[in-house]
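The values are calculated or read from the model by the stated rules, or taken from the named source; none is laboratory data. Being a predicted model, the structure only gives us computed values, none of them experimental. Here the Cβ positions follow ideal geometry from the backbone for every residue, glycine too, while neighbour counts run over all protein chains shown. When the accessible area is computed, the model is the full protein with side chains, heavy atoms only, and any ligands, DNA or RNA have been set aside. Shrake-Rupley method; radii C 1.70, N 1.55, O 1.52, S 1.80 Å.
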Amino acid sequence: SRPDPATRLRGSSMGALVMLILQFALGIGVNLYVSPAKGGIGEAFSNGVLLGLHAVLGLLLILAAAGHLVLSIRARRTGQLVLSAVGLIAILAAASSGGAFLSSHGSAQSLSMAVATAVAMLCYATCLRISVAAGPAGG
C-alpha cells in the first residue's frame, strides 16, 4: 500500500535536505578547485566533472523541490506548503545565482548561492521536523 502523506512528506523532506547538503559540499569543492571560463550555463558542463555534478544535482534539486511542493499541496499541510514554496524559490534563486556566477565570477553571486542554499536547507529541515512532530494525522 501507498505510504500516508506524512510519511511521504517526511521522506521527501529528508531527501531534499540530503541533496542540499551534498550540493553545498560540491559547491565548496567547485569554489576551491574549479576555475571555469567565463561564459554561461554551458560552462557548467565543460569545466570538469565536479562542476558538471554540481549542475546536474542542481537540476535534480529543482525537480525534487517541485515534487515536494506538490506533495505538500496534496496533503493539505499549510505549514509545509509554505516552507516547500520558500524552499523551491530558494533553490531557484541559488540556480539563478549559479548561472550569473558562470558569467561574472562575482563574489556576490557566490555568496547568494550559499545563502539561498542555507535558506532551502532550513526550509526542508523544518519540514522534516514538522512531519516528525505531527505524526501521520497532523501537520
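Multiply the residue gap between L122 and A37 by 0.36 nm, knock off their C-alpha separation, and tell me the result in nm, one decimal place.
27.4 nm
If one takes the longest principal axis of the Cα atoms in the chain, at what angle in degrees, from 0 to 90 and to the nearest 10, does the Cα axis of helix 49-75 lie?
That helix lies at roughly 20 degrees to the long axis.
Going by average Cβ density within 10 Å per residue, which order do the peptides 79-87, 58-66 take, highest to lowest?
79-87, 58-66
Would you mind working out the magnitude of the charge dipole of the chain relative to its Cα centre, with +1 at each Lys and Arg C-beta and -1 at each Asp and Glu C-beta, to the nearest 20 Debye?
In total the dipole reaches around 460 debye.
For semi-axes √(5λ) of the Cα gyration tensor in Å, pick the label among (1) 27, 16, 15; (2) 31, 13, 11; (3) 33, 14, 12 that corresponds to the value derived from the coordinates.
Working out semi-axes √(5λ) of the Cα gyration tensor in Å from the coordinates points to (2).
Would you calculate, for the chain, the mean residue ellipticity at 222 nm contributed by helices, counting each DSSP H stretch of 4 or more residues as -39,500 (n - 2.57) and dividing by all residues, to the nearest 500?
-28500 deg cm²/dmol
Roughly speaking, to the nearest percent, how much of the chain's 1.4 Å accessible area is carbon and sulfur?
Using a 1.4 Å probe with all protein chains present, the chain comes out at 71 percent carbon and sulfur.
Could you compute the net charge surrounding P3? Neighbours are other residues with a C-beta less than 15 Å from the C-beta of P3; K and R count +1, D and E count -1.
That works out to +4.
For A85 and S107, calculate 0.36 nm times their separation in residues minus their Cα-Cα distance, and state this gained length in nm to one decimal.
So the chain would gain 5.3 nm between A85 and S107.
How much length is gained if the chain between T78 and V115 is pulled fully straight, taking 0.36 nm per residue apart and subtracting their Cα-Cα distance, in nm to one decimal?
Stretched out fully, the T78 to V115 stretch lengthens by 10.9 nm.
Nearest 10 degrees is fine. How inclined is helix 5-33 to the longest principal axis of the chain, computing both from alpha carbons?
It works out to around 10 degrees.
Quick one: helix 78-104 against the long Cα principal axis of the chain, what's the angle to the nearest 10°, folded into 0 to 90?
The two axes meet at around 10 degrees.
If R0 is 25 Å, what FRET efficiency do you get for T7 and L60 from their C-beta distance, rounded to 0.05?
Computed FRET efficiency for T7 and L60 comes out at 0.70.
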